[in-house]
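This report concerns only the one structure given below.
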């Protein structure tokens, strides 16, 4: 079950990131829309209702989740760049995934959102200085500070994880 839940392994918190690591992570964020669109083309309505594991989200929910999550991520980066160690607003991703729009609406709007969000997000990330990546925010659920270089690594991993889930659905159907 662990491989199904984390096809690329669990994210490791607390790692030090080099400038090269961060550049690779920004590239992964930049490339996610293209990677996701390539995968999404392989899904029909029936496959969009399939999950990668028992009690897991469907492909449709995963795609909508990426739009929801990554729109929040862009806002969190901008808050961190413009405020002094802000406390970010968490959200209940499972509750969002259970909403009707996540369970039933066509995926094209979320795919377009992801393209637009990632275009803006990549622009922001590429304009940041080395010291900007050391800026921190506080996540109240974890009760700790996170640096933006770790945040960028987390979201590079996040996109790969969910693309991995979509690949699992395609492989098993």
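Taken together, the values in this text are just the output of simple stated rules run on the coordinates, not laboratory data. Note that the structure is a prediction, hence the values are computed from the model and not measured. Note that we place each Cβ from the backbone using ideal geometry, even for glycine, and neighbour counts take in every protein chain shown.
Couple of notes before you dig in:
- For the peptides 39-52, 3-16, 155-168, the ranking by mean Cβ contacts within 10 Å, running from highest to lowest, is 155-168, 39-52, 3-16.
- Expected 222 nm ellipticity per residue - DSSP helices of 4 or more, -39500 (n - 2.57), all of the chain, to 500: -20000 deg cm²/dmol
- In terms of its Cα atoms, the chain spans 47, 30, 28 Å along the principal axes, sorted from long to short.
- For the chain, the relative contact order comes to 39 percent (Cα pairs under 8 Å, sequence separation of at least 6).
- Highest mean packing comes first when the peptides 115-127, 131-143, 60-72 are listed by Cβ atoms within 10 Å, giving 60-72, 115-127, 131-143.
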